[in-house]
2 protein chains.
Amino acid sequence: MIKKLLPIVLLMLLAATANAQTQQVTTLMPMPKSITVVDGKFALTPSFTIAVKTDAADATLYFGVNRALQTLNRRTQLFFKQQRITASDKADSASLLITVRANAGVVIGQDESYSITVSAKQIKLEAPNTTGALHGLETFLQLVQYDDTGYYLPIAKINDSPRFVWRGLMIDVARHFIPLDVIERNIDAMAAVKMNVLHLHLSDDEGFRIESKVFPELQKKGSFGEYFTQSEIKDLIAYAKKRGVMIVPEFDMPGHTTGFLAGYPSLSATPGKTYMPGPRFSPGDKPMGLMDIMKMLSTAPTPTFDPSKESTYLFLNKFLGEMSALFPSPYIHIGADENNGVAWKNNPAIVAFMKDKKIADTHALQAYFVSRVQKILTKHHKHTTGWEELLSKDLPKDVAVQVWQDGTKARSAAGLGHPVIISNGFYLDLFMPAYIHYQNYLFANKLEYALAAKVLGGEAAQWAEAMDKNNAETRMWPRTAAIAERLWSPVEVNDVDDMYRRLAVLSRQLDDIGLQHISEYEKGLRRLNDGGDIIALKTLADVLSPVKGYKKLFAKMTKTPSASYQTAPLATLSDVIMVDSEVKRKFRALVKSYLQSPDHHSYEAINAMLMQWANQYADLQSMPGKAQLNADIMRHAKNMSDAGFVGLEALKKWREKEQPSADWIKQQMAKLQRTKQVYGEAEIAVIPEIEALVNQKLAPEPTSYPMF
Amino acid sequence: MIKKLLPIVLLMLLAATANAQTQQVTTLMPMPKSITVVDGKFALTPSFTIAVKTDAADATLYFGVNRALQTLNRRTQLFFKQQRITASDKADSASLLITVRANAGVVIGQDESYSITVSAKQIKLEAPNTTGALHGLETFLQLVQYDDTGYYLPIAKINDSPRFVWRGLMIDVARHFIPLDVIERNIDAMAAVKMNVLHLHLSDDEGFRIESKVFPELQKKGSFGEYFTQSEIKDLIAYAKKRGVMIVPEFDMPGHTTGFLAGYPSLSATPGKTYMPGPRFSPGDKPMGLMDIMKMLSTAPTPTFDPSKESTYLFLNKFLGEMSALFPSPYIHIGADENNGVAWKNNPAIVAFMKDKKIADTHALQAYFVSRVQKILTKHHKHTTGWEELLSKDLPKDVAVQVWQDGTKARSAAGLGHPVIISNGFYLDLFMPAYIHYQNYLFANKLEYALAAKVLGGEAAQWAEAMDKNNAETRMWPRTAAIAERLWSPVEVNDVDDMYRRLAVLSRQLDDIGLQHISEYEKGLRRLNDGGDIIALKTLADVLSPVKGYKKLFAKMTKTPSASYQTAPLATLSDVIMVDSEVKRKFRALVKSYLQSPDHHSYEAINAMLMQWANQYADLQSMPGKAQLNADIMRHAKNMSDAGFVGLEALKKWREKEQPSADWIKQQMAKLQRTKQVYGEAEIAVIPEIEALVNQKLAPEPTSYPMF
């Protein structure tokens, strides 16, 4: 009467793999420069203590050390007798002895190295400065493992330092406002993977997201009440600093400026026009074609500053002066992207100004504008940075250029002597699997000499058309960790399978320190099912991915215009599902292993997964809950079930060593082809692996995907 | 080969019940004063619009209306064409027409009524003021339902107003600091159930949690960096006000003041002593007996202000002046609880002062202190409130008395003419099931006349010895909603089963608006299993409860002294599990129904639940993951499995109409008795219901539980 629960069998098999992994030191992420592990353990007990030897009184260091102790306490529940580490804790005999030679703030380009030596009796962490020590503490925590005797660290020796000095994450808080607690959790996650720059895109057409005391109409008219106060920003800067992260603010101009113009329309290149924050292009009530959208992007006048009026620069001088005082970052980002110049060409006064100043075209006029703003920032003791469109021949060499669209611009900018930050290949909002970012061609090999000298590093970039506070963490994590490793670890660390293996472990560590990516995903599923249980829905959703590239974004405009207003919370199927299916990665690893050597363990695990997929459709159909009424979900459920049954049949042939006929293969491949259909901007992620079971060869994954 | 998944069958059965419930209007919580529902629907479509008719420009009202629109958008994903409601939206023809007669702030005692009329063509919400309208909007959202034709509201007429004017939640943010985002989510949840007072316990021995600009050593030495800045508090007050919630700050004195004394030791009744924030009584390294603890509570000198020195009042005048200006609340809470007077008796100067002033004993001295502080607050235009110990004969009548320990104090205080707020019976940190609070004897019947005139209402109270940011939301919710209903709804609304039925629906609505109680619970389970899947663990955890009363608190001191330091994150089994098992409530309802009439549906559902419980032990044993190594968890798993098998056997007898023998019953009851064992301060919640299957009678639930 009492039967074993099928999912449990499956989970046991999967977990067995995961557990074997957590036993390995090589779950570290990012991988350090060098690591040696030998047999043996340092055992953790309630008597574990930490001491700090440092000449400098350093609040950041003690904060970091205490934070690490709490993380360890939470994970191990050992209730350490040492409750807090203070300056009086400096005994040589401490379990973890931390030696730091100098205090340090968050400074790009400083020494970030550290070393860790774990012996059976003591752990030593040494670093030239606080920043290195903070990195070392994260590695220390990642080294902690458990077995049935308890928690321990393996005997190991690590020497580590980063490949690039600028390891950033750009979060667009303008298109959808992303609240403070989400940003703070992102900073925690960044620190866990040793990233050091948080770039906040604070203004755009959809909103102006920071308080100005000098120009209060900015937030008043530009934010619908959703913005950071200066007090919050100060606290956030301090929060980030304590975790080794610098905050670089971006105020996008001269285009992408509806957020500014709502409060101060006199800045506009289109005189007399009034503005309300919202998407650059309003799709109207009727669905548009893709071509219409593309045409609109290049020909419609977009909200843009007037670069011909001195009053514009007077405003920017005051505004950027205020922001320069607020942000300690040596860089201020001025955007300067995607200005199509149409608004300028449409304004006779601006055309006359260009003629008068002998400015040949709107590109040159943009260069003029950038040059004026750069001078203002220099006056306020800041370096300018901006997107690749700000590059022009006469641009001062200290301006850092952030390459996003055109990878060749990295060489142009470096050639002109500019520091270069690369986001090309790191756009998280394109819904690409982590391996695509991990294999970014600009980083996958050693950089050529000219570039190496000027490339500071890179930035993952998350634009917020399809991100809001409800799904921000699943959009960015854990994928960002793959980019963090690309920017930190030696170029030789490049095994995709191994990256995914470690990423799965890291994802759970991020969950433990507070990141909401797993919670947010499951909450999204509960919403989709309106209170019904989500077991069957999750089985399906776990193997769905949003469509890649700009397809989701444009689908909104072409299908549901009102969905693109960006005022409704993001809670549809493709908003909720994880971007890079972890179950697909596990399944792919199992299929790969089984095709190489068809062992019992892989067979059982693959079989259990396929059975779940085959069954979830019937389960969803018969379970009350809102998901059942969602046509997109039910179509995917049917397709996943069909594909699951195909997979089971194929696996049976393998098992029984029956060579499938060419006809059978053809039929099954045709069936699987039909399951690749996109519904609700989502697609099933595991079809290539099921195809591999059918035709007995696993196709390599695409190195790129179409954008549209 | 392909078998149905057992849990799915179970969930289908449970969900069928839940779904039938969500179809009923009576899922409203708190229940309104009057409601009439007739057949028919108002259908929601993307063309749904809202208009507001009001004479007063009222930012709070428009904020609330827009917030409701977003909640509706998120739940329905209808992408309403109306993106925002502004003052220009006032068409009589709107789908939801809101008429508000006057603007209003958060004022205790104002008219909070509203009415809603839903017809097939329009919804009308009318209220005398903004506060009533905000309540009405919450009811409007709770009325929204769906079927396979889409979302709709039933045709209905509601008239509503509260039973009590003070419907509060006290959160202790001192013992463990509770961050801003958690507090904000609590305010959202309070608003959803029409509560209007958030009482923040801002200082205690463990910490001082608010920035003072006048006395900055308070937060500097008293918080380990964990406190609210004044800027954050201002934002929080505004956040709460927009949701109809007033924030009442508490600064506990003269005892519970280590948080003060760390920064300003000269305030202390024990001259020369220095202080570090921490528990009043340090348990030391050795486990203590319960008696030792009780003795210590009454005889050890506790950190206390010196009431004999004028400098104390000079300090308090400045400090309370600063806080009175910061908090718009007309009330300031001064605690005044649990001062055992020992520190005063030990200080000869204080003893001399008492003699000099003819103050008979330390009780009278406390009355003297309270009277001085009350005068200071009066000068700063504030009313004083405090815990019941502040009551004395000469206390000015405007002082509100919060009864917590001794219910008879409600009558004493009312008799002396004081406004009364009742927390007795509403202590959430006692880990009682919701029905205990719901049936609070002080509220369950009509109040006697003398009390009715003076009782403002009540407050749920959550002290933070066993709550921190990791489990705050599961400690307080959804149970607080039962208290909210007790304080809002007519006394006649008192059916426990019906309350639990509606509470389960509400819990999911709170999850949808952002509360983290479900997410936090599941994150806690993931932590307990360190990355392993939690299906089997959750099956067990869903039917566990923390031990009731002060047993968990004292177990810490008596068993694991270092666990009581309160510096380690709370992540043990009993910290993670829900306080009032929802699965127990569903199981109990099924068993009750089955005992009354043994139908097939109940049988299937009960059988499936028992099978899950019977099986989870084997699943946990065989699944890798940390939970397997946790002796407490595995002991409960074994017991739950044993109880599950007993239940299955009993159910089989029912099914087969076999009258069990007295011997068999005795044996099974003895087996079940053994499964009631407490491990890890947790116990299995469903044993009484399994006993009912065995002996064919369901015992009524206890009306109270022992505290120790």
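Just to check your reading of the model, which residue among A:L13, A:L72, A:L61 is at pLDDT below 90 and outside any strand (DSSP E or B)? Walk me through it before giving the result.
Details: A:L72 fails: at pLDDT below 90; A:L61 fails: at pLDDT below 90.
The match here is A:L13.
For B:R526, indicate whether it is part of a helix (DSSP H, G or I) and free of Cβ contacts under 8 Å to residues at least 24 places away in the same chain.
On the way: part of a helix (DSSP H, G or I): yes; free of Cβ contacts under 8 Å to residues at least 24 places away in the same chain: yes.
Taking the combined requirement at face value, the residue satisfies it.
For the stretch B:537-554, give me each residue that is part of a loop (DSSP other than H, G, I, E, B) and either buried (at least 22 other Cβ atoms within 10 Å of the Cβ) or facing chain A (nearest Cβ under 9 Å) (or both). Explain how you work it out, then say what you get.
Of the residues in the stretch B:537-554, the ones part of a loop (DSSP other than H, G, I, E, B) are B:542-543, B:547-550.
Correct list: B:D542, B:V543.
Residues of the stretch B:467-485 being away from every other protein chain (no Cβ under 14 Å) and closer than 27 Å to B:K552 by Cα, which ones? Lay out the reasoning, then the answer.
Keep residues of the stretch B:467-485 that are away from every other protein chain (no Cβ under 14 Å), which gives B:467, B:475-477, B:479-485.
The answer is B:M467, B:R475, B:M476, B:W477, B:R479, B:T480, B:A481, B:A482, B:I483, B:A484.
Those residues that are of a type in the set (A, V, I, L, M) and either within 13 Å of chain A (Cβ to nearest Cβ) or in contact with a Leu (Cβ under 6 Å, 6 or more places away or on another chain) (or both), I need them from the stretch B:45-64; list them, please.
Step one: filter the stretch B:45-64 for residues of a type in the set (A, V, I, L, M), giving B:50-52, B:56-57, B:59, B:61.
Passing the criteria: B:I50, B:A51, B:A59.
For the condition more than 14 Å from chain A (Cβ to nearest Cβ), closer than 29 Å to A:Q70 by Cα and β-branched (V, I, T), what is the one hit in B:V173, B:V165?
On the way: B:V165 fails: closer than 29 Å to A:Q70 by Cα.
Just one listed residue meets the conditions, B:V173.
Show me the helices (runs of 4 or more DSSP H) found entirely inside the stretch B:589-708 where at least 3 residues are within 14 Å of chain A (Cβ to nearest Cβ).
Working: elements: B:600-622, B:631-655, B:662-674, B:687-695.
In the stretch B:589-708, B:600-622, B:631-655 are the helices (runs of 4 or more DSSP H) which contain 3 or more residues that are within 14 Å of chain A (Cβ to nearest Cβ).
For the stretch A:148-162, give me each residue that is within 18 Å of A:E112 (Cα to Cα) and buried (at least 19 other Cβ atoms within 10 Å of the Cβ).
In the first step, residues of the stretch A:148-162 are kept if they are within 18 Å of A:E112 (Cα to Cα); the result is A:157-162.
Correct list: A:I158, A:D160, A:P162.
Quick grid of which residues meet (1) within 14 Å of chain B (Cβ to nearest Cβ); (2) over 19 Å from A:P277 (Cβ atoms):
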position	(1), (2)
A:V193	no, yes
A:L202	no, no
A:G207	yes, no
A:F215	no, no
A:Q230	yes, yes
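Here are the criteria: (1) over 17 Å from A:L141 (Cα atoms); (2) within 14 Å of another protein chain (Cβ to nearest Cβ); (3) of a type in the set (S, T, N, Q). Tell me which single one A:Q70 does not satisfy.
Status for A:Q70: all satisfied but (1).
Suppose we filter the stretch A:225-239 for residues that are outside any helix (DSSP H, G or I) and among the β-branched types (V, I, T); how many remain? Give the derivation first.
We begin by selecting, within the stretch A:225-239, every residue outside any helix (DSSP H, G or I); these are A:225-229.
Narrowing the set further to residues that are among the β-branched types (V, I, T) leaves A:229.
Looking only at that region, the number is 1.
Just give me the residues in the stretch A:283-330 being in a loop (DSSP other than H, G, I, E, B), in contact (Cβ under 8 Å) with a residue 60 or more places away in the chain and surrounded by fewer than 18 Cβ atoms within 10 Å (Cβ to Cβ), in sequence order.
Listed by number, the residues that qualify are A:G284, A:D285, A:K286, A:P287, A:G289, A:P328, A:P330.
Among the numbered criteria (1) crowded, with 20+ Cβ neighbours inside 10 Å; (2) touching a residue at least 60 places away in the same chain (Cβ under 8 Å), which one does B:A568 miss?
Failing condition for B:A568: (2).
Looking only at residues in the stretch B:383-425 that are surrounded by 15 or more Cβ atoms within 10 Å (Cβ to Cβ) and of a type in the set (D, E, K, R), which one is nearest to B:V370 (Cα to Cα)? Give the steps one after another, and end with the answer.
Initially, the stretch B:383-425 is screened for residues surrounded by 15 or more Cβ atoms within 10 Å (Cβ to Cβ), giving B:383-392, B:395, B:398-404, B:407, B:409-414, B:416, B:418-425.
Next, from what is left, pick out any that are of a type in the set (D, E, K, R): B:388-389, B:398, B:409, B:411.
On the way: B:E388: 12, B:E389: 10, B:D398: 13, B:K409: 17, B:R411: 21 Å.
Checked the stretch B:383-425; the qualifying residue nearest to B:V370 (Cα to Cα) is B:E389.
With of a type outside the set (D, E, K, R), buried (at least 20 other Cβ atoms within 10 Å of the Cβ) and on the phi < 0 side of the Ramachandran plot as the only criterion, which of A:A444, A:A460 stands out?
A:A460
Condition check ((1) over 28 Å from B:V505 (Cα atoms); (2) touching an Asp or Glu at 6+ places or on another chain (Cβ under 7 Å); (3) assigned to a helix (DSSP H, G or I)) across all residues:
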| site | (1), (2), (3) |
| --- | --- |
| B:L447 | yes, no, no |
| B:E459 | no, no, no |
| B:A484 | no, no, yes |
| B:L487 | no, no, yes |
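Any chance the stretch B:489-504 includes a residue that's touching a Gly at 6+ places or on another chain (Cβ under 8 Å) and outside the structural domain of B:R75 (by TED's automatic domain parsing)?
Going through the stretch B:489-504, the residues touching a Gly at 6+ places or on another chain (Cβ under 8 Å) turn out to be none.
No.
On the given criteria, is A:L261 in contact with a Leu (Cβ under 7 Å, 6 or more places away or on another chain) and surrounded by fewer than 23 Cβ atoms within 10 Å (Cβ to Cβ)?
Working: in contact with a Leu (Cβ under 7 Å, 6 or more places away or on another chain): yes; surrounded by fewer than 23 Cβ atoms within 10 Å (Cβ to Cβ): no.
Spelling it out, it is not the case that A:L261 is in contact with a Leu (Cβ under 7 Å, 6 or more places away or on another chain) and surrounded by fewer than 23 Cβ atoms within 10 Å (Cβ to Cβ).
Restricting attention to the stretch B:501-518, report how many residues are facing another protein chain (nearest Cβ under 8 Å) and either in contact with an Asp or Glu (Cβ under 7 Å, 6 or more places away or on another chain) or among the acidic types (D, E) (or both).
Of the residues in the stretch B:501-518, 4 are facing another protein chain (nearest Cβ under 8 Å) and either in contact with an Asp or Glu (Cβ under 7 Å, 6 or more places away or on another chain) or among the acidic types (D, E) (or both).
So which residues in the stretch A:84-117 are buried (at least 18 other Cβ atoms within 10 Å of the Cβ) and within 30 Å of B:L525 (Cα to Cα)?
A:I85, A:S95, A:L96 - these are the residues of the stretch A:84-117 that are buried (at least 18 other Cβ atoms within 10 Å of the Cβ) and within 30 Å of B:L525 (Cα to Cα).
Is it true that some residue in the stretch A:572-585 is out of contact with any His (no Cβ under 7 Å at 6 or more places or on another chain), at the interface with chain B (Cβ under 9 Å from one of its Cβ atoms) and at pLDDT below 95?
Within the stretch A:572-585 (the criterion being out of contact with any His (no Cβ under 7 Å at 6 or more places or on another chain), at the interface with chain B (Cβ under 9 Å from one of its Cβ atoms) and at pLDDT below 95), the answer is yes, since at least one residue qualifies.
Out of the stretch B:479-511, which residues are within 22 Å of B:I535 (Cα to Cα) and charged (D, E, K, R)?
Once the filter is applied, which keeps residues that are within 22 Å of B:I535 (Cα to Cα) and charged (D, E, K, R), the stretch B:479-511 yields B:R508, B:D511.
Quick check on the stretch A:136-147. Is at least one of its residues touching a Lys or Arg at 6+ places or on another chain (Cβ under 6 Å), at negative phi and crowded, with 24+ Cβ neighbours inside 10 Å?
Step one: filter the stretch A:136-147 for residues touching a Lys or Arg at 6+ places or on another chain (Cβ under 6 Å), giving none.
The answer is no, given that none of the residues of the stretch A:136-147 is touching a Lys or Arg at 6+ places or on another chain (Cβ under 6 Å), at negative phi and crowded, with 24+ Cβ neighbours inside 10 Å.
If B:D356 satisfies every condition in (1) at pLDDT below 95; (2) of a type in the set (D, E, K, R); (3) more than 17 Å from B:L390 (Cβ to Cβ) but one, which is the exception?
Against the list (1) at pLDDT below 95; (2) of a type in the set (D, E, K, R); (3) more than 17 Å from B:L390 (Cβ to Cβ), B:D356 comes up short only on (1).
Residues being farther than 22 Å from B:D235 by Cβ and among the aliphatic types (A, V, I, L, M): count how many of those fall in the stretch B:140-198. Explain how you work it out, then say what you get.
Looking only at the stretch B:140-198, we keep the residues that are farther than 22 Å from B:D235 by Cβ, and these are B:140-167, B:175, B:193-194.
Imposing the further condition that a residue be among the aliphatic types (A, V, I, L, M) reduces the set to B:141, B:143-144, B:153, B:155-156, B:158, B:165, B:193.
The total comes to 9.
In the stretch A:207-223, which residues are crowded, with 19+ Cβ neighbours inside 10 Å and either aliphatic (A, V, I, L, M) or in contact with a Pro (Cβ under 9 Å, 6 or more places away or on another chain) (or both)?
A:G207, A:F208, A:I210, A:L218, A:K221, A:G222, A:S223 - these are the residues of the stretch A:207-223 that are crowded, with 19+ Cβ neighbours inside 10 Å and either aliphatic (A, V, I, L, M) or in contact with a Pro (Cβ under 9 Å, 6 or more places away or on another chain) (or both).
Residue-by-condition table, conditions (1) under 22 Å from B:M170 (Cβ atoms); (2) in contact with a strand residue (DSSP E or B) (Cβ under 9 Å, 6 or more places away or on another chain); (3) surrounded by 21 or more Cβ atoms within 10 Å (Cβ to Cβ):
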site	(1), (2), (3)
B:A484	yes, yes, yes
B:L506	yes, no, yes
B:I513	yes, no, no
B:I577	no, yes, yes
B:L590	no, no, yes
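Among residues belonging to the stretch B:519-536 that are at pLDDT 90 or above and at the interface with another protein chain (Cβ under 7 Å from one of its Cβ atoms), point out the one that is surrounded by the most Cβ atoms within 10 Å (Cβ to Cβ). Break it down stepwise before answering.
Filtering the stretch B:519-536 down to residues at pLDDT 90 or above leaves B:519-529, B:534-536.
Keeping just the survivors that are at the interface with another protein chain (Cβ under 7 Å from one of its Cβ atoms) gives B:519, B:522-523, B:526-527, B:535-536.
Numbers: B:S519: 21, B:E522: 21, B:K523: 25, B:R526: 23, B:R527: 24, B:I535: 20, B:A536: 29.
Residue satisfying both the conditions and the ranking: B:A536.
(1) modelled with pLDDT under 95; (2) buried (at least 21 other Cβ atoms within 10 Å of the Cβ): which one isn't true of A:T480, the others all being true?
Condition (1) is where A:T480 drops out.
The values are calculated or read from the model by the stated rules, or taken from the named source; none is laboratory data. Owing to the predicted nature of the structure, the values given are computational and were not obtained by experimental measurement. Note: ideal-geometry Cβ built from the backbone for every residue, glycine included; neighbour counts use all protein chains shown.
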